[in-house]
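Visitor: My structure is below; once you've seen it, I'll send some questions.
The values are calculated or read from the model by the stated rules, or taken from the named source; none is laboratory data. Given the structure is predicted, the values throughout are model-derived calculations rather than measurements. Neighbour counts run over all protein chains shown; Cβ positions are idealised from the backbone, glycine included. For the accessible areas, the whole protein counts, side chains as well, though only heavy atoms, and no ligand, DNA or RNA atoms are used. Shrake-Rupley method; radii C 1.70, N 1.55, O 1.52, S 1.80 Å.
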Amino acid sequence: MPVPAGGLYPSVSLGSEGEEVQLLIDSAMFSGSYADDLMNVDTHEDEWSRLQDIRLNGSVLEYCGRGKSLIDVGLAQARFPLNTTCHYFEIEIVDPGESCYIAIGLARKNYPRHRHPGWDEGSIAYHADDGKIFLGSGLGDPFGPSCKKGDLMGCGMIFPRDYRMGIDTDSERSGSPLPSSPNRLFEEDNDALDLRDELSSCSSSSEDEDDGDEMSWGQSKKKRNINTNLKVQVYFTKNGTIIGRKEVFVPKGGFFPIVGMLSLQEKVKFDLRPLTG
């Protein structure tokens, strides 16, 4: 094979939990500062703007909170909002922990740190334990099946055809518009739902914060922190199949990928760009 400009560099890849290798490089061949930086390790730290009671272990997010009350939420929020280039992300449930209180969704940039995704204004989320969708409210609606260990949960946005980058957010990241639909679309799944109501009675206390609007947050222009000029479809998937969609207004600053966990020993593996590489 032809040697690229700059040469070929040793590279090692690990793909599953628990894998370990011992690196054997003859450091005597190198000197100075180069010897201290023989291998650059991608820790994925630059992909996340906030980790609240979440430990980052390579591409795995691990819950490290107390898991004793509703305020012990662990949150991982991405550094950049979804856009037409990166419009979908996924998590795999590596360990459901004690209760599988795992959520995937989108949230405004300044989302409260002690609120599960979807429970507060400026967020929408699909919860693994009961299959419900939460749209700016602690009271969820039946939406899809529950999820367990090994399941893939995905979340994405379908932008309007006339969408232009930069008109809806103050994000640092920009790019060229791509087709508004994802590169792959999944067949709609309307099979029977497997729902549980473990959290609904507790989380419904957040309804006290609602201002009484008839529609949920994101569907009413009366709510704060939304851009009334941009409405998108947010969809969720399980194992590559679309569970359902919701049409919502985008918060000011954009919709940032967010993952929530709330019970001990929960772990998920994330991929913020499964469709774009």
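Visitor: Could you order LEU262, LEU51 by accessible surface area, starting with the largest, using a probe radius of 1.4 Å?
Guide: LEU51, LEU262
Visitor: For GLU19 and GLN233, FRET efficiency with R0 = 41 Å and r from the beta-carbon atoms, rounded to 0.05?
Guide: E between GLN233 and GLU19, to the nearest 0.05, is 0.60.
Visitor: Considering only the other residues whose Cβ falls under 10 Å of the Cβ of LEU56, what net charge follows from Lys and Arg at +1 and Asp and Glu at -1?
Guide: My count for the surroundings of LEU56 gives -2.
Visitor: Quick one: net charge of ASP151's neighbours, Cβ under 11 Å, K/R +1, D/E -1?
Guide: +1
Visitor: Sort the following peptides by mean Cβ neighbour count (other Cβ atoms within 10 Å, averaged over residues), highest first: 84-97, 140-153, 112-125.
Guide: Descending packing order for the listed peptides: 112-125, 84-97, 140-153.
Visitor: Next up: Could you work out how far apart the two model spin labels at ASP271 and LEU8 are, taking each label as a point 7 Å from the Cα in the direction of the beta carbon, and quote it in nm?
Guide: 2.7 nm
Visitor: Now for a different question. Please give me the summed charge of the neighbours of PHE89: other residues whose Cβ is under 13 Å from its Cβ, Lys and Arg +1, Asp and Glu -1.
Guide: Value of the local net charge: -1.
Visitor: By how many nm would the segment from GLU247 to LEU56 grow when fully extended, if each residue of separation counts as 0.36 nm and the alpha-carbon distance is taken off?
Guide: Using 0.36 nm per residue and subtracting the Cα-Cα distance, I get 65.6 nm.
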